[in-house]
Amino acid sequence: MFNLSKSEASVAKPLTIVADANIASLADFFNEAMLKRTSAQAINIVTVAGRDIDAQLLAKLQPEILLIRSVTPINEALLADNTSVMFIGSATIGTDHVDQAYLRARDISFANAAGSSKHSVAQYVITAILTLRPHYAQQPMTMTLGIIGLGNIGSTLAQYAADLGWQVLGYDPLQPQSAMNNASFEQVLSRSDVLSLHVPLTYEQEQDEVNGSAYPTYHLIDSDALQLMPASSLLINSARGAVISAEDLETDIKTTSRQVVLDVFEHEPQISESLLSRLAIATPHIAGYTLEGKLRGTQMIYDALCARLAITPVQTMLHLLPDNMFLWAELLAHPDRVTTFYDIMQDDARLRSQVNKGQVNATDFDKLRREYHLRREWQA
């Protein structure tokens, strides 16, 4: 569809790409050398902050390609005045910010980076657990890890837990019963020493035709769910903020002194100091922010765009990765060294340092993410 004759190529307008500037190694993947459709085709890349990609910008630039992360909502309001977009790539796992039904109606191709940061997020969870409860490394049989959501990330976390000798209780109504998917929702809540959430954000079908679900996850963890959890259990959310009711969680912590780790927040990018002060660990939505995870996400949308343009991909993230000395086998042998692999408390301190007038504001939250020094994944 996009092949041009020589005469057409000589007058072809540049292929315009509007991209979130926070996409890793954007210029290494999306340039004329890596996206050469013809010898004359030029590539025009416009990079902006993700929250600044709006309808006015797209109507003005009329790009063919739109590359985003999770902070840019994709819907009719954004695209109604744009007639040129034919491909949207989201370098993130989640898709709750994308109206895929509208894209299908407009015949706009969409690709996301499902699974790109599954190891990064799973390793974040392991780090949080071993930082707060190091005895679980020395006494693995005393630990039961509950996992809600057994997709790419949840199932990867379960594999790490098995390597550590932990017991796993898993619940995912969308997956068949298995050795991993082995418990009810109530059992996972009531029997876990640590509960980790790995679900997409979905709503009741009658309330949301786009992301509606027979198993809605909006406020999945509310006051009723929290009452089923022992006060001693550790709760971790690195999925989507609104999966937990912030109001109910804050009330629960006041009552139980529960340890809670949040990488995502219901009212993100604003975070109240009232909630933040009660969390055991809080980080600015960076659980998946490793060099490998970021590059993998960019690679996946690059490959998808090449397929859409019917061209052969020529770039690979392997060319961009420096040597990595962080080995999973070494951490298994010396779990007490977890902070030398990743000092999660530094990220916690950076977020808390941004509190001003009772909250972390959107500008400072986004800056922490934009300027985050990417850590490395532990290699198998």
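The values are calculated or read from the model by the stated rules, or taken from the named source; none is laboratory data. Just so it is clear, the model here is predicted, and its values are computed rather than measured. Here Cβ is always computed from backbone atoms with ideal geometry, including for glycine, and neighbour counts include all displayed protein chains. Accessible surface areas use protein heavy atoms only, side chains included; no ligands, DNA or RNA. Shrake-Rupley method; radii C 1.70, N 1.55, O 1.52, S 1.80 Å.
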(request) Pull up the cross-link candidates among the lysines for Lys60, meaning alpha carbon to alpha carbon under 23 Å and not fewer than 8 places away within one chain. (result) Lys13
(message) Order 86-95, 129-138, 160-169 from most to least packed using the mean count of other Cβ atoms within 10 Å.
(response) 86-95, 160-169, 129-138
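Would you work out the Kirkwood radius for region 23-92? I mean one over the mean of 1/r across all pairs of different Cα atoms, in Å.
It works out to 13.0 Å.
Using a 1.4 Å probe, what is the accessible area per residue for the chain, in Å²? Present the calculation step by step, with values, prior to reporting the outcome.
Numbers: 16820 Å² over 380 residues.
Value for the chain: 44 Å² per residue.
Determine the share of region 275-374's accessible area contributed by carbon and sulfur atoms, expressed in whole percent, with a 1.4 angstrom probe.
On the way: 2560 of 4780 Å².
About 54 percent, which is the carbon plus sulfur part of the accessible surface.
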(message) I need two numbers for region 91-211: Rg to one decimal and Dmax as a whole number, Cα atoms only, in Å.
(response) 16.6, 55
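What percent does the relative contact order of the chain come to when contacts are Cα pairs within less than 8 Å and at least six residues apart? List each step's numbers first, then the result.
Working: 704 pairs, mean separation 59.7, N = 380.
Rounded, it is 16 percent for the chain.
In whole percent, and with a 1.4 Å probe on the protein chains, what portion of the accessible area of region 138-248 is carbon and sulfur?
Numbers: 2320 of 4960 Å².
C and S atoms contribute 47 percent here.
Could you please state how large a percent of the accessible area of region 23-76 is carbon and sulfur, counting protein chains only and using a 1.4 Å probe? Walk me through the numbers before you get to the answer.
On the way: 1110 of 2310 Å².
Answer for region 23-76: carbon and sulfur cover 48 percent of the accessible area.
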(message) If the only charges are +1 at each Lys and Arg Cβ and -1 at each Asp and Glu Cβ, what is the size of the charge dipole of the chain around the Cα centre, to the nearest 20 debye?
(response) 980
(request) Compare the Cα positions of Leu318, Ile301, Pro335 along the charge dipole of region 282-344 (+1 at Cβ of Lys, Arg; -1 at Cβ of Asp, Glu; about the Cα centre) and return the one farthest towards the positive end. (result) Ile301
(request) Write down the Å³ per residue value for the convex hull defined by the alpha carbon atoms of region 309-367. (result) 177
(request) Report, ordered by chain and residue number, the lysines lying within cross-link reach of Lys118, taken as a straight Cα distance under 18 Å and ignoring same-chain residues fewer than 8 apart. (result) Lys294
(message) I need the P(r) histogram for region 268-380: all alpha carbon pairs, bin width 10 Å from 0 out to the longest distance, whole percents.
(response) 12, 32, 28, 21, 7, 0
